[in-house]
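Below: one structure, written as structure tokens.
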Amino acid sequence: MLVLAMTIVGCSQQAAGFKVGMITDAGTIDDKSFNQGTWEGVVKAAEELKLEYQYLKPGGTTEADYMKEIGNMYDAGFKFIVCPGFKFETAIFEAQDKYPDAKFVILDGNPHAGDFVPV
């Protein structure tokens with residue numbers, strides 16, 4: 001995570017105003033699992049790089065719930081959005097076209113259309 005953030009941010013002058021957001025799935029940032037590990041990585045990288053950071057927890061677990069929070073994060077100026085887990089695959093697939101100037105990180109998943117069937 002740290003290397004990825006440094007690559008995108010580049011030098012400290014570019015870091016001014018850069019915001020990193022995370023959206024949890026059904027878990028919380030203290031779930032002792034995937035969400036917590038992801039959040040701890042976001043915090044560590046953001047603090048070392050002196051970036052603004054925030055997380056949002058969706059009100060539900062549907063793609064619409066995830067898209068709503070991705071939109072809220074984007075509207076608040078967060079253009080680097082981290083989403084932990086395969087539950088975000090179809091939401092990120094949609095979001096990458098809806099918000100083309102944002103960068104998305106999905107952990108343990110691949111963005112795809114809802115009708116995708118792996119072989």
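Other residues with beta-carbon under 12 Å from the beta-carbon of residue 75 carry, at +1 per Lys or Arg and -1 per Asp or Glu, a net charge of +3. Counting neighbouring Cβ atoms within 10 Å and putting the fewest first, the residues 107, 51 line up as 107, 51. Put a dot 7 Å past the Cα of residue 102, heading toward its Cβ, do the same for residue 34, and the two dots end up 1.9 nm apart.
For the stretch 21-107, the fraction of C-alpha pairs farther apart than 20 angstrom is 25 percent. Among 18, 93, a tally of other beta-carbon atoms within 10 Å of each Cβ gives an order, fewest to most, of 93, 18. Proximity of backbone amide H atoms, modeled 1.01 Å from N, is registered between residue 103 and 80, 81 at under 5 Å, excluding neighbours fewer than 5 places apart on the same chain.
When 74, 55 are arranged by Cβ crowding within 10 Å, least crowded first, meaning fewest neighbours, the order is 74, 55.
None of the figures in this text is laboratory data; all of them are computed from the coordinates on show. Remember, it's a predicted structure, so these values are computed and weren't measured experimentally. Don't worry about glycine lacking a Cβ; one is built from the backbone with ideal geometry, like all the others, and counts go over all protein chains shown.
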